[in-house]
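Written below as C-alpha coordinates is the structure these notes are about.
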Amino acid sequence: MAPRILVVTPTYNERDNLPRFVRSVLEVVPEAHVLVVDDASPDGTGAVADTLAAEDPRTTVLHRPGKLGLGTAYVDGFRRALELGYDVVVEMDADLSHDPKYLPAFLRAIEEGADVVLGSRNVPGGGVVGWGPGRHVLSKGGSLYARSILGVPIRDLTTGFKAFTRRALLAIDIETLRSNGYSFQIETTYRALRKNLRVTEVPIVFVDRRAGHSKMSRSIFAEAVVEVWRLRFDAMTGKL
(Lines give C-alpha, C1' and ligand atoms only; values in the text may rest on other atoms or scores of the structure.)
Protein backbone atom coordinates (compact mmCIF):
# COMPACT_ATOMS: atom_id res chain seq x y z
CA MET A 1 0.00 0.00 0.00
CA ALA A 2 1.14 3.55 -0.73
CA PRO A 3 2.10 5.54 2.38
CA ARG A 4 -0.36 8.06 3.75
CA ILE A 5 1.30 11.48 3.58
CA LEU A 6 0.43 14.59 5.56
CA VAL A 7 2.04 17.99 4.89
CA VAL A 8 1.85 20.21 7.98
CA THR A 9 2.23 23.97 7.53
CA PRO A 10 1.92 26.46 10.41
CA THR A 11 0.54 29.85 9.38
CA TYR A 12 0.46 33.35 10.79
CA ASN A 13 -0.48 36.10 8.34
CA GLU A 14 0.07 34.05 5.19
CA ARG A 15 -3.19 34.91 3.41
CA ASP A 16 -1.47 35.91 0.17
CA ASN A 17 0.75 32.84 0.00
CA LEU A 18 -1.44 30.02 1.28
CA PRO A 19 -3.67 29.28 -1.76
CA ARG A 20 -0.71 28.93 -4.09
CA PHE A 21 1.18 26.85 -1.55
CA VAL A 22 -1.64 24.36 -0.96
CA ARG A 23 -2.48 23.97 -4.63
CA SER A 24 1.19 23.49 -5.55
CA VAL A 25 1.66 20.75 -2.95
CA LEU A 26 -1.42 18.87 -4.13
CA GLU A 27 -0.41 19.19 -7.78
CA VAL A 28 3.02 17.69 -7.12
CA VAL A 29 1.84 14.95 -4.72
CA PRO A 30 -1.87 14.38 -5.41
CA GLU A 31 -2.08 11.56 -2.87
CA ALA A 32 -0.96 13.82 -0.01
CA HIS A 33 -3.13 15.71 2.45
CA VAL A 34 -2.37 19.19 3.81
CA LEU A 35 -2.97 20.33 7.38
CA VAL A 36 -2.90 24.11 7.92
CA VAL A 37 -2.22 25.03 11.56
CA ASP A 38 -3.31 28.65 11.87
CA ASP A 39 -2.60 30.76 14.94
CA ALA A 40 -5.62 33.09 14.66
CA SER A 41 -3.91 35.17 11.97
CA PRO A 42 -5.29 38.73 12.08
CA ASP A 43 -5.03 39.00 8.28
CA GLY A 44 -7.69 36.32 7.74
CA THR A 45 -5.41 33.41 6.83
CA GLY A 46 -7.66 31.06 8.81
CA ALA A 47 -10.70 31.99 6.71
CA VAL A 48 -8.69 31.47 3.50
CA ALA A 49 -7.63 28.05 4.81
CA ASP A 50 -11.27 27.15 5.53
CA THR A 51 -12.18 28.07 1.95
CA LEU A 52 -9.41 25.87 0.58
CA ALA A 53 -10.59 23.00 2.81
CA ALA A 54 -14.16 23.42 1.55
CA GLU A 55 -12.90 23.23 -2.04
CA ASP A 56 -10.75 20.11 -1.58
CA PRO A 57 -11.18 17.43 1.10
CA ARG A 58 -7.45 16.76 1.03
CA THR A 59 -6.99 20.01 2.96
CA THR A 60 -7.91 20.44 6.62
CA VAL A 61 -7.42 23.25 9.11
CA LEU A 62 -6.47 23.32 12.77
CA HIS A 63 -7.39 26.67 14.31
CA ARG A 64 -5.47 27.72 17.42
CA PRO A 65 -6.53 30.59 19.73
CA GLY A 66 -3.48 32.82 19.22
CA LYS A 67 0.17 33.05 18.24
CA LEU A 68 1.54 30.11 20.23
CA GLY A 69 4.79 29.51 18.38
CA LEU A 70 6.26 27.42 15.59
CA GLY A 71 7.27 24.46 17.73
CA THR A 72 3.89 23.93 19.36
CA ALA A 73 2.20 24.32 15.97
CA TYR A 74 4.26 21.47 14.59
CA VAL A 75 3.70 19.34 17.68
CA ASP A 76 -0.06 19.82 17.33
CA GLY A 77 0.20 18.87 13.67
CA PHE A 78 2.38 15.84 14.39
CA ARG A 79 -0.01 14.72 17.11
CA ARG A 80 -2.94 14.83 14.70
CA ALA A 81 -0.94 12.95 12.08
CA LEU A 82 -0.17 10.15 14.53
CA GLU A 83 -3.79 10.01 15.74
CA LEU A 84 -5.05 9.69 12.16
CA GLY A 85 -2.53 7.03 11.15
CA TYR A 86 -0.36 8.86 8.62
CA ASP A 87 2.87 7.13 7.60
CA VAL A 88 4.90 10.16 6.48
CA VAL A 89 4.66 13.69 7.85
CA VAL A 90 6.25 16.63 6.05
CA GLU A 91 6.82 20.05 7.56
CA MET A 92 6.93 23.04 5.22
CA ASP A 93 6.61 26.82 5.39
CA ALA A 94 3.60 28.30 3.64
CA ASP A 95 5.53 31.37 2.46
CA LEU A 96 6.61 29.67 -0.82
CA SER A 97 10.24 29.45 0.27
CA HIS A 98 9.96 25.64 0.24
CA ASP A 99 9.25 24.42 -3.28
CA PRO A 100 6.94 21.38 -3.44
CA LYS A 101 8.88 20.12 -6.46
CA TYR A 102 11.34 18.55 -4.01
CA LEU A 103 8.70 16.39 -2.34
CA PRO A 104 9.17 13.39 -4.69
CA ALA A 105 12.87 13.34 -3.79
CA PHE A 106 11.94 13.34 -0.09
CA LEU A 107 9.56 10.44 -0.60
CA ARG A 108 12.15 8.48 -2.59
CA ALA A 109 14.62 8.92 0.25
CA ILE A 110 12.09 7.49 2.68
CA GLU A 111 11.38 4.58 0.32
CA GLU A 112 15.12 3.92 0.34
CA GLY A 113 15.22 3.68 4.13
CA ALA A 114 15.51 7.18 5.56
CA ASP A 115 13.63 7.90 8.79
CA VAL A 116 14.08 11.67 8.58
CA VAL A 117 14.71 13.68 5.43
CA LEU A 118 16.11 17.20 5.58
CA GLY A 119 15.78 19.70 2.76
CA SER A 120 19.34 20.95 2.87
CA ARG A 121 20.65 24.28 1.60
CA ASN A 122 24.23 23.38 2.51
CA VAL A 123 24.96 20.23 0.50
CA PRO A 124 26.00 20.09 -3.19
CA GLY A 125 23.03 21.15 -5.29
CA GLY A 126 21.45 23.14 -2.47
CA GLY A 127 21.40 26.88 -2.02
CA VAL A 128 19.48 30.06 -1.24
CA VAL A 129 18.00 32.75 -3.48
CA GLY A 130 17.10 36.23 -2.28
CA TRP A 131 19.09 36.61 0.93
CA GLY A 132 21.54 39.37 1.72
CA PRO A 133 25.02 38.69 3.12
CA GLY A 134 23.88 39.11 6.73
CA ARG A 135 21.18 36.46 6.47
CA HIS A 136 23.62 34.04 4.81
CA VAL A 137 26.10 34.51 7.65
CA LEU A 138 23.37 34.06 10.28
CA SER A 139 22.06 30.84 8.72
CA LYS A 140 25.36 29.17 7.90
CA GLY A 141 26.95 30.38 11.13
CA GLY A 142 24.03 29.10 13.18
CA SER A 143 24.18 25.69 11.57
CA LEU A 144 27.97 25.49 12.03
CA TYR A 145 27.62 26.60 15.66
CA ALA A 146 25.05 23.87 16.37
CA ARG A 147 27.02 21.20 14.48
CA SER A 148 30.17 22.01 16.40
CA ILE A 149 28.58 21.89 19.84
CA LEU A 150 26.45 18.82 19.18
CA GLY A 151 29.11 16.95 17.25
CA VAL A 152 26.92 15.87 14.35
CA PRO A 153 27.68 15.68 10.60
CA ILE A 154 24.43 17.26 9.39
CA ARG A 155 25.12 20.24 7.12
CA ASP A 156 21.80 22.05 7.58
CA LEU A 157 20.49 21.72 11.12
CA THR A 158 18.14 24.71 10.91
CA THR A 159 16.15 23.77 7.81
CA GLY A 160 12.38 23.87 8.21
CA PHE A 161 11.66 21.66 5.19
CA LYS A 162 11.69 18.12 6.58
CA ALA A 163 9.94 14.77 6.42
CA PHE A 164 9.50 12.22 9.19
CA THR A 165 8.30 8.66 9.14
CA ARG A 166 5.76 7.67 11.74
CA ARG A 167 8.49 5.61 13.41
CA ALA A 168 10.67 8.70 13.70
CA LEU A 169 7.97 10.85 15.30
CA LEU A 170 7.30 8.16 17.88
CA ALA A 171 11.01 7.74 18.58
CA ILE A 172 11.72 11.44 19.21
CA ASP A 173 8.78 11.63 21.65
CA ILE A 174 7.03 14.75 20.35
CA GLU A 175 5.21 15.38 23.63
CA THR A 176 8.51 16.20 25.36
CA LEU A 177 9.88 18.58 22.71
CA ARG A 178 10.56 21.91 24.38
CA SER A 179 11.83 24.26 21.66
CA ASN A 180 9.32 26.66 20.20
CA GLY A 181 11.32 28.76 17.74
CA TYR A 182 13.79 27.81 15.03
CA SER A 183 15.70 25.69 17.54
CA PHE A 184 12.80 23.27 17.15
CA GLN A 185 14.44 22.14 13.92
CA ILE A 186 17.75 21.50 15.65
CA GLU A 187 16.09 19.62 18.50
CA THR A 188 14.04 17.25 16.33
CA THR A 189 17.00 16.34 14.14
CA TYR A 190 19.35 15.88 17.08
CA ARG A 191 16.86 13.65 18.88
CA ALA A 192 16.52 11.53 15.73
CA LEU A 193 20.29 11.11 15.55
CA ARG A 194 20.47 10.21 19.23
CA LYS A 195 17.89 7.48 18.57
CA ASN A 196 20.11 6.10 15.80
CA LEU A 197 17.56 6.92 13.15
CA ARG A 198 18.70 7.33 9.57
CA VAL A 199 18.77 11.04 8.70
CA THR A 200 19.28 11.96 5.03
CA GLU A 201 19.91 15.39 3.52
CA VAL A 202 18.35 16.14 0.12
CA PRO A 203 19.50 19.30 -1.69
CA ILE A 204 16.96 22.11 -2.04
CA VAL A 205 17.13 25.70 -3.22
CA PHE A 206 15.45 27.93 -0.65
CA VAL A 207 13.78 31.03 -2.13
CA ASP A 208 13.18 33.95 0.22
CA ARG A 209 9.53 34.78 0.81
CA ARG A 210 7.80 36.95 -1.80
CA ALA A 211 4.97 38.28 0.37
CA GLY A 212 4.63 38.94 4.10
CA HIS A 213 7.37 39.28 6.66
CA SER A 214 9.93 36.92 8.23
CA LYS A 215 9.05 35.61 11.70
CA MET A 216 12.71 35.66 12.84
CA SER A 217 13.32 37.73 15.97
CA ARG A 218 16.08 38.27 18.54
CA SER A 219 14.27 36.13 21.09
CA ILE A 220 13.97 33.25 18.63
CA PHE A 221 17.69 33.52 17.83
CA ALA A 222 18.58 33.65 21.55
CA GLU A 223 16.48 30.55 22.24
CA ALA A 224 18.42 28.64 19.58
CA VAL A 225 21.79 29.68 21.04
CA VAL A 226 20.83 28.44 24.51
CA GLU A 227 18.94 25.34 23.41
CA VAL A 228 21.96 23.86 21.66
CA TRP A 229 23.83 23.77 24.96
CA ARG A 230 20.81 22.26 26.74
CA LEU A 231 20.65 19.51 24.16
CA ARG A 232 24.36 18.81 24.55
CA PHE A 233 24.01 18.67 28.33
CA ASP A 234 21.03 16.32 28.11
CA ALA A 235 23.02 14.01 25.84
CA MET A 236 26.00 14.01 28.18
CA THR A 237 23.82 13.18 31.19
CA GLY A 238 21.87 10.43 29.42
CA LYS A 239 18.58 12.30 29.15
CA LEU A 240 18.61 12.00 25.36
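Tabulated values for the structure
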read-out	value
Listed residues G181, I5, V34: farthest to the positive end of the dipole of the chain (Cβ charges)	G181
Portion, in percent, of the accessible area of the chain that falls on carbon or sulfur, probe 1.4 Å	56 percent
The range 109-165, Cα convex hull volume normalised per residue, Å³	95 Å³
Using alpha carbons only: equivalent-ellipsoid semi-axes of the chain, gyration tensor based, whole Å	26, 20, 18
N196 paired with V225, simple spin-label distance in nm, labels 7 Å along Cα-to-beta-carbon	3.7 nm
Principal-axis tilt of helix 18-28 within the chain, Cα atoms, nearest 10 degrees	80 degrees
The range 73-171, relative contact order in percent, only Cα pairs under 8 angstrom and at least six apart counted	43 percent
Length-normalised contact order of the chain in % [C-alpha pairs under 8 Å, at least 6 apart]	23 percent
Helix-only mean residue ellipticity at 222 nm for the chain, each DSSP H run of n ≥ 4 adding -39500 (n - 2.57), per residue, nearest 500	-13000 deg cm²/dmol
Of T60, T188, T158, the one that fluctuates the most in a GNM where the chain has Cα springs shorter than 10 Å	T60
Qualifying GluC sites (Glu not before Pro) in the range 65-137, DSSP loop, other Cβ atoms within 10 Å at most 13	E112
Solvent-accessible heavy-atom area per residue, rounded to whole Å², over the range 1-77 at 1.4 Å	44 Å²
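The values are calculated or read from the model by the stated rules, or taken from the named source; none is laboratory data. This is a predicted model, so every value here is computed, not measured. Note that each Cβ is placed from the backbone with ideal geometry, even for glycine, and that neighbours are counted across all protein chains shown. SASA here: full protein model, heavy atoms, side chains in, ligands and nucleic acids out. Shrake-Rupley method; radii C 1.70, N 1.55, O 1.52, S 1.80 Å.
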